[in-house]
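Chemist: Structure incoming, see below.
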Amino acid sequence: MSDIEKSYSPGLATDIEKPITNPGIEPHRIRMTDKSEKHARTAEKQIAVMFGVSVVGAIIAIWGFFAFPIVDGDLSATRNNSLWMGLGMALSMFGIGFGAVHWAKTLMPDNEVSEMRHQARSSDETRAQALEIVKLADGESGFSRRKLIRRSMYGALAFFPIPAIIIFGDLGPVVGDTLKHTMWKPGTRLTKDPTGIPIKASDVTIGSVFHVIPEGLSEMEEHKLEEKAKSAVLLVRVNPSDLNEDPAKADWSYQGIVAYSKICTHVGCPVALYEQHTHHLLCPCHQSTFDLANHCEVVFGPASRPLPQLPIAVDAEGYLIAQSDFLEPVGPSFWDIRK
Amino acid sequence: MRRRPWAAGLVVFLGLVLSGGGYAAATNVVQAETGSPAQVEEGRKLFLANCASCHGTNGEGAIGGPSLIGVGAASVDFQVGTGRMPGQGSGPQLRAKPVQFTQEQISAMAAYVASLAPGPAIPDEEYLRGDGDATHGGELFRINCAMCHNAVGAGGALTEGKFAPSLAGSTAKHTYEAMVTGPQNMPVFNDANLTPEDKKDIITYLKYIEDNDSVAGFELGSIGPVAEGLFTWIFGLGFIIAITVWLGAKSN
């Protein structure tokens, strides 16, 4: 029985009885530079050339600095300055590096040598000495003896990190309901980005696109970008017969003029690639596509909500105004968006 | 000296003529300048021979071609002047191709189409010289144009095979006409949205970036991080791998 078992070869599996033997160091191979003095001299010259190239690189960098001085207001001067200094310094560093490596590989001895690791464990004598020191320190400081000090110190160490945790509570103001409101109010005029010039309904011809900000935003001094990031609107006029409006929102548009939030409901990029004939609005970041003629429904891409519509009307002077704020949060969805 | 009664009349008349004429000269509105009857007639013949099969014998539109009533001279000058018309093929959008008519013939067809109904006119030379405010033009370009045409006009993709073409090499006149007419899927930017001065500034910006080299070395087509990243991955990493192989190889 045991004879039959032994007749099986263990194959590639490790045989515990016969562990892998140390293969030892690879046999040393003689290099051409070891064999002939001629080759060694060639290598020597090559290394010298590489170091020489490094010197040339340094000189190019110095030349670039003086030949292309940085002039205030002239951007192309900066470009040439950076280009030649960068190329010169790269050449200089690579020259030294390649030279040093080539030197080591061709001319320095290449015999492989192995050195045994020393024991990681300290000697018994050293260990006993260390233990002595700890015991002595414990006795002298009274760490084990004076319980009051020891325990109060534990308490101090436990309380010390708490302020660092509390400080996280100060990371910016509480969001509150700022995500659910924008600058738009009943009667806010629609104005052109960036000038803030109000827009007349008659100016918006069929096929036109206006990039719109609320009146007053262009004059804001504080939080201008935060407000713009929420209230940016795209205003488009389409042929009213092409518009398939939700009957409940029929009075949100004005003679084919519709206003939609420009902030993508996926991750908040500005959606503004409008195609006049397909009425598609494309987001350049992840290709979410909204059908503007069909209440900005998502027709393609990762967005999951239609773009919110801004209800608009026309005031007595013919300017476009908002009927109210957006009736749902603009931009990316979040946890309690429907609350 | 006694004033003559007709002198007052003359002053009023001169005042009216000067202010009215000055106003007419100062406002570059969409009213087409109509060509001479001979030019319109020449244009009508060219239209009947080259355009009428799709756009109808009176430009009223037919199967395959929209109505040209009211599209204006600017639209014809752009579409035919960039070779997009007469249209060829039926892909997602018509592309620019070699122009098939002389400028004289294009102007004649433009005059004919403009005579059908008023529409955007061919822009005045004063807005095309590129001597406006490039900074303001750049700001307007980034707000109104860059999302499709790229921040430096290198062009970009739209949906289902359509694309916004690169603006490199576009003439100032065609750029202006494209803004005012909105060819194919491009929206219209009328004079109430971007005033002629604004359009002049945008043209100035485009001319500036075309005339000035990229500040930061090779722009790799200015098409953004994908091209730049690919370049770095292939050439940067390739260089590092080559050096690593060399470092590890034994010298012979």
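The values are calculated or read from the model by the stated rules, or taken from the named source; none is laboratory data. These figures come from a predicted structure and were not determined experimentally. Virtual Cβ from ideal backbone geometry, glycine too; neighbours counted across all protein chains shown.
Chemist: Looking at A:I206, A:I213, which one is without any contact (Cβ under 8 Å) to a residue 24 or more places away in the chain, within 14 Å of chain B (Cβ to nearest Cβ) and either buried (at least 19 other Cβ atoms within 10 Å of the Cβ) or hydrophobic (A, V, I, L, M, F, W, C) (or both)?
Modeler: A:I213 is the lone residue from the list that is without any contact (Cβ under 8 Å) to a residue 24 or more places away in the chain, within 14 Å of chain B (Cβ to nearest Cβ) and either buried (at least 19 other Cβ atoms within 10 Å of the Cβ) or hydrophobic (A, V, I, L, M, F, W, C) (or both).
Chemist: Here is a follow-up. Of a type in the set (D, E), within 11 Å of chain A (Cβ to nearest Cβ), over 15 Å from the mean Cα position of the chain (by Cα) and at positive phi: which single residue out of B:E160, B:E139 fits that description?
Modeler: B:E160
Chemist: Out of the helices (runs of 4 or more DSSP H) lying entirely within the range A:21-123, which hold 1 or more residues that are over 24 Å from B:F239 (Cα atoms) and among the charged types (D, E, K, R)?
Modeler: Hits in the range A:21-123: A:32-35, A:37-67.
Chemist: Do we have any residue at all in the range A:243-257 that's more than 14 Å from every other protein chain (Cβ to nearest Cβ), crowded, with 23+ Cβ neighbours inside 10 Å, within 22 Å of B:P187 (Cβ to Cβ) and in contact (Cβ under 8 Å) with a residue 60 or more places away in the chain?
Modeler: no
Chemist: Report, by residue number, each residue of the range A:264-279 that is in contact (Cβ under 8 Å) with a residue 40 or more places away in the chain and either of a type outside the set (S, T, Y) or more than 9 Å from chain B (Cβ to nearest Cβ) (or both).
Modeler: A:C264, A:T265, A:H266, A:V267, A:G268, A:A272, A:Q276, A:H279
Chemist: Let me ask you something else. Which one of the conditions (1) in the same structural domain as A:A201 (by TED's automatic domain parsing); (2) assigned to a loop (DSSP other than H, G, I, E, B); (3) more than 20 Å from B:A146 (Cα to Cα); (4) touching a helix residue (DSSP H, G or I) at 6+ places or on another chain (Cβ under 7 Å) does A:H266 fail to meet, given that it meets all the rest?
Modeler: (4)
Chemist: Give all pairs with beta carbons closer than 7 Å in which a residue from the range B:45-59 that is on the phi > 0 side of the Ramachandran plot meets a residue that is surrounded by fewer than 18 Cβ atoms within 10 Å (Cβ to Cβ); count only pairs at least 6 apart in sequence or on separate chains.
Modeler: From residues that are on the phi > 0 side of the Ramachandran plot, the pairs are B:G56/B:A62; B:G59/B:S67; B:G59/B:I69.
Chemist: Continuing with the same structure: Run down B:A73, B:A62, B:A96 and say which single residue is aliphatic (A, V, I, L, M) and either assigned by TED's automatic domain parsing to the domain that holds B:N185 or out of contact with any helix residue (DSSP H, G or I) (no Cβ under 8 Å at 6 or more places or on another chain) (or both).
Modeler: Within the list B:A73, B:A62, B:A96, the selection yields B:A96.
Chemist: Might you check whether a residue that is more than 30 Å from B:V71 (Cα to Cα) and hydroxyl-bearing (S, T, Y) occurs anywhere in the range A:208-223?
Modeler: yes
Chemist: Among the residues of the range B:225-252, count how many are more than 38 Å from the chain's Cα centre (by Cα), in a helix (DSSP H, G or I) and within 14 Å of chain A (Cβ to nearest Cβ).
Modeler: 10
Chemist: I'm trying to understand the selection: among the residues of the range A:15-36, which are loosely packed, with under 10 Cβ neighbours inside 10 Å and either modelled with pLDDT of 85 or more or of a type outside the set (K, R) (or both)?
Modeler: A:I16, A:E17, A:P19, A:I20, A:T21, A:N22, A:P23, A:G24, A:E26, A:P27, A:I30 - these are the residues of the range A:15-36 that are loosely packed, with under 10 Cβ neighbours inside 10 Å and either modelled with pLDDT of 85 or more or of a type outside the set (K, R) (or both).
Chemist: What pairs come out if I take residues in the range B:165-190 that are more than 14 Å from every other protein chain (Cβ to nearest Cβ) and pair them with residues that are charged (D, E, K, R) and buried (at least 19 other Cβ atoms within 10 Å of the Cβ) whose C-beta lies under 6 Å away, six or more apart or interchain?
Modeler: B:Y176/B:K199; B:E177/B:D77
Chemist: Could you grab me the full set of residues in the range A:143-171 that are in a loop (DSSP other than H, G, I, E, B) and surrounded by 10 or more Cβ atoms within 10 Å (Cβ to Cβ)?
Modeler: Correct list: A:F143, A:S144, A:R145, A:R146.
Chemist: Any residue at all in the range A:58-74 that's crowded, with 16+ Cβ neighbours inside 10 Å, away from chain B (no Cβ under 11 Å), free of Cβ contacts under 8 Å to residues at least 24 places away in the same chain and more than 31 Å from the chain's Cα centre (by Cα)?
Modeler: Yes.
Chemist: Okay, moving on. List pairs: first in the range A:95-118 and closer than 30 Å to A:V56 by Cβ, second part of a loop (DSSP other than H, G, I, E, B), Cβ under 7 Å, 6+ apart or cross-chain?
Modeler: A:K105/B:S251; A:T106/A:R31; A:T106/B:S251; A:D110/A:R31
Chemist: Let me ask something additional. Those residues that are crowded, with 22+ Cβ neighbours inside 10 Å, more than 14 Å from B:G119 (Cα to Cα) and in contact with a Lys or Arg (Cβ under 8 Å, 6 or more places away or on another chain), I need them from the range B:177-195; list them, please.
Modeler: Listed by number, the residues that qualify are B:N185, B:N193.
Chemist: Do we find a residue being in a loop (DSSP other than H, G, I, E, B) and among the hydrophobic types (A, V, I, L, M, F, W, C) anywhere in the range A:125-142?
Modeler: No, the range A:125-142 contains no residue that is in a loop (DSSP other than H, G, I, E, B) and among the hydrophobic types (A, V, I, L, M, F, W, C).
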